[in-house]
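Heads up, the thing below is written out as structure tokens.
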Amino acid sequence: GRTEMMSAVDYLLDRSSAVLLVFAAAAALSHVLRLSPAKRIAIGLIAIAAAVLIPISTRSAFDWIVSALERPSAPGLLLLALFAISAVTGRRFDGGSEFRFGTAMLVLAGVLLYPGAVGFLNYDPYALGYSGYVLPLALVLLLAYALFRRYFFIVAALNVGIIGFLLEAGRSLNLWDYVIDPLAWLLAIGAWITIAIAAVIRKPKPASSVVA
């Protein structure tokens, strides 16, 4: 019935971050060895199987990873999928304007959310996800801009997150948890560190003056 189907969906979503993270990390490491995409996929799958089979105390390594990571938000799941695709194919997404805008918004949202949520600020912005109009209005403006720029992946991810919140599809009743998660924030920060480093490396050096 519906309960069994929702339980299966919950089971898969709870483990999706761990699966994609282990897979992407292993595939990215194999990319350093210049292996073919098919071999990178195989190594990624082997890494997942190894994490499931390797015991650490009373649980498998995979279960420890699952417990350390929260269920991904819809944008977070999309970002993890992009990292996994990049690890397999070698394709870089950080040059695209949609990728840069989406990850920049994740970085900004995390900076606004997490310091207060863990007690570094007197005000907890996490409460905005339970009620009020501030967060919904911000998401509407973000969606409008994404539609204007034709950032359809961002629009789709945000809509999935918002619909999931409205249908109470997850365990959380907070809107924040459907549009951002800690792992997505850290991956977005890492993406922008990579973008910044690449910009510095590619920055043309000023031509040295020649004294006659």
Problem set entry | Members of region 76-95 found to be assigned to a helix (DSSP H, G or I), open to solvent by less than 60 Å² (accessible area, probe 1.4 Å), of a type outside the set (Ser, Thr, Tyr) and more than 22 Å from Tyr11 (Cβ to Cβ), listed by number | Leu82, Ala87, Val88
Exercise. Ser73: touching a Gly at 6+ places or on another chain (Cβ under 7 Å) and surrounded by 13 or more Cβ atoms within 10 Å (Cβ to Cβ), yes or no?
Worked result: yes
Seminar exercise, completed: Picked from region 168-193 (must be open to solvent by 60 Å² or more (accessible area, probe 1.4 Å) and modelled with pLDDT of 90 or more), the residue nearest to Ala8 (Cα to Cα) is Leu173
For this session: Return yes when Tyr151 is surrounded by fewer than 13 Cβ atoms within 10 Å (Cβ to Cβ) and within 28 Å of Leu12 (Cα to Cα) and no when it is not.
Result: no
Problem set entry | Extreme residue, most open to solvent (accessible area, probe 1.4 Å), among residues of region 54-70 that are outside any helix (DSSP H, G or I) and in contact (Cβ under 8 Å) with a residue 24 or more places away in the chain | Glu70
Exercise. So which residues in region 1-18 are open to solvent by 50 Å² or more (accessible area, probe 1.4 Å) and touching a helix residue (DSSP H, G or I) at 6+ places or on another chain (Cβ under 6 Å)?
Worked result: Arg15
Exercise. Applying the selection to region 116-134, what residues are in contact with a Gly (Cβ under 6 Å, 6 or more places away or on another chain) and surrounded by 13 or more Cβ atoms within 10 Å (Cβ to Cβ)?
Worked result: Asp124, Pro125
Problem set entry | Odd one out for Leu141, checked against (1) among the aliphatic types (A, V, I, L, M); (2) modelled with pLDDT under 95; (3) open to solvent by 100 Å² or more (accessible area, probe 1.4 Å) | (2)
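The values are calculated or read from the model by the stated rules, or taken from the named source; none is laboratory data. Being a predicted model, the structure only gives us computed values, none of them experimental. A quick note on method: Cβ atoms are made from the backbone with ideal geometry, for glycine too, and the neighbour counts reach across all protein chains shown. For the accessible areas, the whole protein counts, side chains as well, though only heavy atoms, and no ligand, DNA or RNA atoms are used. Shrake-Rupley method; radii C 1.70, N 1.55, O 1.52, S 1.80 Å.
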